[in-house]
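Dropping a structure here in structure tokens format, bear with me for questions.
The values are calculated or read from the model by the stated rules, or taken from the named source; none is laboratory data. The shown structure was predicted, so the numbers you read here are calculated from the model rather than taken from an experiment. All Cβ positions, even for glycine, are placed from backbone atoms using ideal geometry, and neighbour counts span all protein chains on display. Side chains are part of the model used for accessible areas, which takes the heavy atoms of the whole protein and leaves out ligands, DNA and RNA. Shrake-Rupley method; radii C 1.70, N 1.55, O 1.52, S 1.80 Å.
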Amino acid sequence: MSSTTDELSQQPLANIQEKLESLRTEIHQHNYQYYALDNPSIPDAEYDRLLRELQSIEAAFPDLVTSDSPSQRVGSEPLSAFSQVTHILPMLSLDNAFNDEELSEFNRRIVDRLDKDSDFVIEYACEPKLDGIAVSLIYRHGLLDLGATRGDGTTGEDITLNVRTIGSIPLKLQGEGFPDVLEVRGEIYMPKASFDQLNEQAKEKDEKVFVNPRNAAAGSLRQLDPRITAQRALEMCAYSVGFVEGGTVPESHTDILYALSSWGFRINQEMTKVQGVQACSEYFSQLSQKRDSLPYDIDGIVFKVNNMQLQQELGFVSRAPRWAIAMKFPAQEEITQLLDVEFQVGRTGTITPVARLQPVFVGGVTVSNATLHNSDEVDRLGVRIGDSVVIRRAGDVIPKVVSVVESRRPSGAKPVVFPQQCPVCESPVVRIEGEAAIRCTGGLICAAQVKEAIKHYVSRKAMDVDGLGDKLVEQLVDGEHIQSVADLYDLQQDQLAAMERMGEKSASNLLKALEASKQTQLARFIFALGIREVGEATARNLANYFGDLPGLMQANAEELQKINDVGPVVADFIVDFFGEERNRQMIQTLQEKGVSWPVIEVEIRIQPLEGLTYVLTGTLQKLNRNQAKEHLQALGATVAGSVSKKTHCVIAGENAGSKLSKAESLGINILHEDDLIELLTSHGVDV
Ligand code: IVH
């Protein structure tokens, strides 16, 4: 825990010195992990806290500041594998603000320092703080001469060969008016979609996955073999100019960025300029809303005094300029303690390890549980009970344990032991060939599986039985009132009214809801059955294809695979499900009890794009690639991976590369994302 400076000032100087020493050692270690090894050991928020604690103690005891304190430096020593580059001008870092008050304080310091009246309005450039890797690029007479990492701010690593592989870094400047020697600085990052794709591929090949897009970008950039870097979808966005010789650049930051854009650099589309600090706060709120929908990760907003003359006057203090500040978003990663691992049995018998955590506020909510998925994931993390773990919750994504802070492992930390028997019904547990999950073999004798199957059956998107919550399902199964979904329809008023927190009224409402749920839709019923991997969308496709249940129940795997969304694995799950006598029996019982649906007239399916081959290339912003592919396939199109004379049309997203050029040279029809959306919408697809 951090101590306030008031508390510290009561203490002997030796204690303070000791505290400073230990903080510095710890921060140095994290710097090394983060900057040198690309393997951060703690989340940024925790690092920021340590650095702030150090800074606040140093501010209270300026005599104790040493030149090697991490507060006086930007990063840590680079690795020796790449050759070292000394920056002509040091690459600085940014101070942080965490709320509006700190932002106003920053503005007030600037106004004071410039000796202006307190109501003087400063023009600020506002731009997202990209979560990637800082880079310096030197151009001599318009040609890329050197690319370097920031390293410790003074000395970085020569990554010229690697940066040359990045499409958004010009090898030769375009346009005119650039200085003879121009240093461009910016951030190299990996877009979220490319990150997901990279990790998908890594998982398929059983390779290590990256924790977040920044680590993936760092790992990709620090490859000694540039051919590997070339395969990774990295991008670079320019955010400033460093050293300049033999020419000049414009007099405001925003105009400099526009000049960079005219010389061939990518600059951030969200960048703008505003008058005064109040407008900065407003920009911050707007971007916070937009954050999750941006195609790249950002961890805050940078505000910079726009006028370069004023920037000069303000200058900088040891590690950061006085004219800029980074306002950080609430942390999406935090550290907490793993208190225990419990095993949950799911609807299909899958046994999932669940981390019970010391509650922690992260990504805007308090998190006390997180799934650990399966034993492969537990092994990958190397997690033990008692460990400090890093939890990440980005946007609406469910929280996950991303890594372990091994340096904080307590001596009694216990390994996670997977059960040999189901924790609920004690049936033996099996691990199926080729699957990471373990499963309870108890089937319907396992109360946990029965409960989950019933919860799923009555859920909103399935049979939508109002008033039958998870707790009540558990009570009904535990009290042996029901053993299967079919038993739900035999429940009696007095039986229900006697349950905990139920009365006559809610019992009769529930019976009415159960009765009403019998008139359903085929798609809902198929979904409610809880067939493995058959989600809402697949259930809908199955219903539309077969129109009624008998066709589906008799279909073989080959026929099933003709349906959108259904691959060989799902097809087998469906065939297995209907192949089991007890499942067929249950369906019959449900129908006898009155569950029914209108049969869907299966019209002759029109496939307007039948016979046409489409190719998708570049990054789509509104749809993801898979969605686009599925929609096109649903309309009968073939979606191919490469362009040939047979290609009917190429859909070109952002940064489309060689496929687009090839299509152009072959005179193939080219559509952009908006045209694709229009095409799909015109054929009745909801996008
Ligand atoms: S300006 C002297 N602008 O944030 C100012 N930095 O601690 C130097 N970053 O690693 C940086 N987006 O690479 C600036 N729009 C932006 C930025 C940005 C991300 C990174 C930068 C550095 C860190 C600053």
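So, counting K/R as plus one and D/E as minus one, what does the shell of residues with Cβ under 15 Å around Ala230 add up to?
Result for the neighbourhood of Ala230: +2.
Around Leu514, with a cut-off of 12 angstrom between Cβ atoms, what is the net charge of the other residues, counting Lys and Arg +1 and Asp and Glu -1?
Once all neighbours under 12 Å are counted, the net charge is -2.
Additional query: Select from region 558-634 those GluC sites (Glu not before Pro) which occupy a DSSP coil region and have at most 15 other Cβ atoms within 10 Å, ordered by residue number. Working shown, then result.
On the way: sites: Glu558, Glu559, Glu580, Glu581, Glu592, Glu601, Glu603, Glu610, Glu630; in loops: Glu580, Glu601, Glu603, Glu610.
Loop-located and lightly packed - Glu580, Glu601, Glu603, Glu610.
Hey, another quick one. Solvent-accessible area per residue for region 516-589 at a 1.4 Å probe radius, Å²?
Accessible surface, normalised per residue, equals 48 Å².
So what is Rg over Rh here for the chain, counting just Cα atoms and using Kirkwood for Rh? Walk me through the intermediate numbers first.
Working: Rg = 30.1 Å, Rh = 29.5 Å.
Using Cα coordinates only, the ratio equals 1.02.
Please compute the length gained on full extension between Val65 and Arg380, using 0.36 nm multiplied by the number of residues separating them and subtracting their Cα-Cα distance.
Computed gain between Val65 and Arg380 is 109.3 nm.
How about region 224-280: which GluC sites (Glu not before Pro) there are in a DSSP loop, with at most 15 other Cβ atoms within 10 Å of their Cβ?
Loop-located and lightly packed - Glu251, Glu270.
Still on this model: Lys19: which lysines have alpha carbons under 28 Å from its alpha carbon, excluding same-chain residues fewer than 8 sequence positions away?
Lys328
For Ala370, what is the net charge nearby, where nearby means another residue's Cβ is under 10 Å from its Cβ and Lys, Arg count +1, Asp, Glu -1?
Surrounding charge for Ala370 is +4.
Provide the solvent-accessible area of Ile298, counting protein heavy atoms only and rolling a 1.4 Å probe, rounded to the nearest 10 Å².
Accessible area of Ile298: about 10 Å².
Mind pulling the angle between the C-alpha long axis of helix 44-60 and the longest principal axis of the chain? Nearest 10 degrees, somewhere in 0 to 90.
For helix 44-60, the angle is close to 40 degrees.
Rounded to the nearest 0.05, what FRET efficiency do Glu480 and Thr248 have when you use their Cβ-Cβ distance and R0 = 51 Å?
0.05
Right, another one. On the first, second and third principal axes, largest extent first, how far apart are the outermost C-alpha atoms of region 110-194 in Å?
The Cα atoms of region 110-194 stretch 50, 35, 27 Å along their principal axes.
Give me log10 I(q)/I(0) at q = 0.12, 0.20, 0.21 Å⁻¹ for region 469-617, Debye formula, one equal scatterer per alpha-carbon, no solvent.
Results for region 469-617 at q = 0.12, 0.20, 0.21 Å⁻¹ read -0.63, -1.25, -1.33.
Here is a follow-up. Nearest 0.05, what FRET efficiency do Ala516 and Asp115 give at R0 = 56 Å with Cβ-Cβ as r?
0.15
Averaging sequence separations of C-alpha pairs under 8 Å and six or more residues apart, then dividing by the length of the chain, give the relative contact order as a whole percent.
9 percent
Are there trypsin sites (Lys or Arg not before Pro) in region 176-207 that DSSP puts in a loop and that have at most 13 other Cβ atoms within 10 Å, and which ones?
Those satisfying the criteria are Lys205.
Could you do me a favour and compute the accessible area per residue for region 49-206, 1.4 Å probe, result in Å²?
Result: 48 Å² per residue.
Under a 1.4 angstrom probe, counting protein chains only, how are Thr160, Thr366, Thr165 ranked by accessible area, largest first?
Thr366, Thr165, Thr160
Which values of log₁₀ I(q)/I(0), to two decimal places, follow from the Debye formula for region 222-327 at q = 0.17, 0.20 Å⁻¹ with a uniform point scatterer at every Cα?
-1.01, -1.24
Structure shown: which of Lys208/Lys400; Lys172/Lys273; Lys461/Lys562 lie over 18 Å apart, alpha-carbon to alpha-carbon?
Table pairs above 18 Å Cα-Cα are Lys172/Lys273; Lys461/Lys562.
Right, another one. Of the options Ser517, Pro128, Ala652, report the single residue whose Cα projects farthest towards the positive end of the charge dipole of the chain (beta-carbon charges: Lys, Arg +1; Asp, Glu -1).
The one lying farthest along the dipole's positive direction is Ala652.
Hey, any idea what % of region 350-442's accessible area is carbon plus sulfur with a 1.4 Å probe?
49 percent
If DNA, RNA and ligands are ignored and the probe is 1.4 Å, what is the ranking of Thr371, Thr154 by accessible area, most exposed first?
Details: Thr371 35, Thr154 75 Å².
Descending accessible area places them as Thr154, Thr371.
Using a 1.4 angstrom probe with every protein chain in place, what is the largest-first accessible-area order of Asp340, Asp478?
Asp478, Asp340
Considering the chain, which cysteines have no disulfide-compatible partner, defined as another cysteine with its Cβ under 4.7 Å away?
Among the cysteines of the chain, those whose Cβ sits 4.7 Å or more from every other are Cys126, Cys237, Cys280, Cys649.
In the full protein assembly as shown, how much of Val401 is accessible to a 1.4 Å probe, in Å² to the nearest 10?
For Val401, solvent-accessible area is about 10 Å².
Tell me, how many Å apart are the Cα centres for region 512-578 and for region 240-307?
One Cα centre to the other: 51 Å.
Turning to a different aspect of this structure: Rolling a 1.4 angstrom probe over the protein chains, ignoring ligands and nucleic acids, what is the accessible area of Leu294 in square angstrom, nearest 10?
About 10 Å², ignoring ligands and nucleic acids.
May I have the extent of the alpha carbons of region 546-687 along their three principal axes, as whole Å values ordered from largest to smallest?
Principal extents (Cα only, largest first): 62, 27, 26 Å.
If you average the sequence gap of Cα pairs under 8 Å that are 6 or more apart and divide by the length of region 610-666, what percent do you get for the contact order? Working shown, then result.
Numbers: 86 pairs, mean separation 27.8, N = 57.
In percent, rounded to a whole number, it is 49.
With an 8 Å Cα cut-off and a minimum separation of 6 or more residues, compute the relative contact order for region 206-314 in percent.
After rounding, I find 24 percent.
Between the helical axis of 277-290 and the dominant principal axis of the chain, each derived from Cα atoms, what acute angle in degrees is found, rounded to the nearest 10?
Tilt relative to the chain: about 30 degrees.
A further question on this structure: Mind pulling the angle between the C-alpha long axis of helix 625-634 and the longest principal axis of the chain? Nearest 10 degrees, somewhere in 0 to 90.
Roughly 40 degrees between the two axes.
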